[in-house]
Amino acid sequence: MEKKIAWSKYEDLKPVFDFNENYKKFISDCKTERECVIEAIKLAETKGYKNLNDVIASNGTLQAGDKVYAAHMGKTLALYHIGSDPIEKGLNILGAHIDSPRIDIKQNPLYEDHDLVLLDTHYYGGIKKYQWVTLPLALHGVVVKKDGTVINVVVGEEDTDPVLGISDLLIHLSADQMSKNAAKVIEGEDLNVTVGSIPSKNAEKEKSKQYILDLLKEKYNIEEEDFRTAELEIVPAGKARDLGLDRSLVMGYGHDDRVCAYTSLLALLDSETPERTAVCLLTDKEEVGSIGATGAHSKFFENSVAEIMNCMGEYSELKVRRCLFNSCMLSSDVSAGFDPNYPGVNELKNTAFLGYGLCFNKFTGSRGKGGSNDANPEYLARVFKALEDAEVSYQTNELGRVDQGGGGTIAYISAQYGMEVVDAGVAVQNMHAPWEVVSKVDVYEAYLGYKAFIKSVK
């Protein structure tokens, strides 16, 4: 049962480091769900994937070896590599989520207070609010005009861009603040983003606000009322960086869960035609319960499976049900990496360590496994054999000590179809913080493990 560090099996570290250079670029460029979907489609199309809607519109057919993708609302994506086995026998699914904790702009956000201009916000997902103050922040998202024009907005990522920020109380005046518990040090309604302070010479009131509105009009053709139809997100500004003198770690925003989304995507794109149809499913809204039209609870994935089977001439409601029932899935989501600064929250025999490979959580949930998918041992044995045959490093773990806390993934949602599902992902330090940390070798081992799953598990 002794764990072996994955670094020890590499004489040449170049494949590990090269893979992570591409990964760092992905999470640096893709800080919203929409950006992830756009980049994933771009990568898929270079590998020969076609839009399923185009196949349907042309009355096209699909057969073994074909590659297609289906996207919905620009924020969720399913990619299929059609296998040689009848699809009714099931799919091999890599399912990850591409949303991350962040701060969203409200629908009526812009206001002026004593000549400072701010944006009112509502945080998204589980965050420690105090971690988001006094950081350089960027604005990403879209504004949709009433005529249907979509305006993409990114401010704060280029060296020449300004950044945004949320202020904090200076230590000299914070006696009352410092007496509060961590959940109340920064209140949700106080996460207001500073965006300007120069007064307009052409306004009689709210002059500084008018100056910002003039800038938005000039650069983006955005009016104040356009905020009502905008989807704008505040995220940490800057690129993912190597961490450590040995460059063994990556610090970046959104490892949860884009590290698993990227490795799942690349595993599918780099795979040969499989026996069982292979799928990479990238979903939205996991951080808030997987709800809505783009979350894992939606019927998007099920509907796209039905469309695939119809294009293969195999559609029936019963066959769709059989396909999903017979499927195998890795819920590709991150786990809590051991932090030597806070060892007391872990039970060390069952803890995920950075550098030890792909993490498997047989169950997640909280307290008495509440809200968990608890994977079947027969399925685990098949998955572990496939990884060992491919010489992939992996570890088994739980999400902290019993009754310490807990968490969940999309595993239980897919398991409702009766398919086999287990959580498998990368260990992360600082999870849900603006800057999270992963080990480069774990990122690479996840990619190799996901490829082995696609190829061998039934």
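The values are calculated or read from the model by the stated rules, or taken from the named source; none is laboratory data. Keep in mind that what you see is a predicted model, and the values were worked out from it rather than measured. Counting neighbours? That spans all protein chains shown, and the Cβs are built from the backbone with ideal geometry, glycine included. For accessibility, only protein heavy atoms count, side chains too; no ligands or nucleic acids. Shrake-Rupley method; radii C 1.70, N 1.55, O 1.52, S 1.80 Å.
Observations on the model:
- Neighbour-limited loop hits for GluC sites (Glu not before Pro), segment 233-329 (at most 11 other Cβ within 10 Å; DSSP other than H, G, I, E, B): Glu272
- Qualifying GluC sites (Glu not before Pro) in segment 1-59, DSSP loop, other Cβ atoms within 10 Å at most 13: Glu2, Glu11
- In this structure the chain gives 47 Å² per residue of accessible area when probed at 1.4 Å with all protein chains present.
- For segment 361-458, the convex hull spanned by the alpha carbon atoms encloses 111 Å³ per residue.
- With all protein chains modelled, accessible area of Ile56 [1.4 Å, Å²]: 60 Å²
- Dipole of segment 307-400, positive end: most advanced residue of Gly371, Met329, Asn397 [Cβ charges, Cα centre]: Gly371
- Pairs of alpha carbons in segment 119-190 separated by more than 16 Å make up 63% of all such pairs.
- Using the Cβ of Phe363 as centre and a radius below 15 Å, the other residues enclosed give a net charge of -3, where K and R count +1 and D and E count -1.
- Positive-end residue of Val153, Tyr124, Val142, charge dipole of segment 107-161 with Cβ unit charges: Tyr124
- Residue-count net charge about Ile27 - beta-carbon cut-off 9 Å; Lys, Arg +1, Asp, Glu -1: +4
- Helix-only CD estimate at 222 nm, as mean residue ellipticity for the chain, using -39500 (n - 2.57) per DSSP H run (n ≥ 4): -8500 deg cm²/dmol
- Antiparallel bridges, percent of DSSP beta bridges restricted to the chain (to nearest 5): 70 percent
- Exposure ranking of Arg34, Arg322, Arg247, Arg102 by accessible area [1.4 Å probe, largest first]: Arg247, Arg322, Arg34, Arg102
- With only the Cα atoms considered, segment 24-178 has a convex hull volume of 201 Å³ per residue.
- Cβ-defined net charge surrounding Ile87, 10 Å radius [Lys, Arg +1; Asp, Glu -1]: +1
- Beta bridges per DSSP with both ends in segment 280-416, % antiparallel, nearest 5: 40 percent
- DSSP-defined beta bridges in segment 358-458 - what % are antiparallel, rounded to 5: 70 percent
- To put it simply, the accessible area of segment 24-154 at a 1.4 Å probe is 51 percent carbon and sulfur.
- Overall, the chain carries a charge dipole of about 860 debye about its Cα centre when +1 sits on the Cβ of Lys and Arg and -1 on the Cβ of Asp and Glu, all other atoms neutral.
- Per DSSP, loop trypsin sites (Lys or Arg not before Pro) in segment 335-399 with at most 12 further Cβ within 10 Å: Arg367
- 24 Å Cα-Cα threshold exceeded, pairs from Lys24/Lys184; Lys128/Lys180; Lys362/Lys451: Lys24/Lys184
- When +1 charges are put on Lys and Arg Cβ atoms and -1 charges on Asp and Glu Cβ atoms, the dipole computed for segment 192-249 relative to its Cα centre reaches about 280 debye.
- Kirkwood Rh and Cα Rg combined as Rg over Rh, evaluated for the chain: 0.99
- Residue pairs, from the table Lys25/Lys145; Lys25/Lys299; Lys369/Lys440; Lys319/Lys458; Lys31/Lys285, whose Cα atoms sit over 21 Å apart: Lys25/Lys145; Lys25/Lys299; Lys369/Lys440
- Largest-first principal axis extents, alpha carbons of segment 16-93, Å: 37, 29, 20
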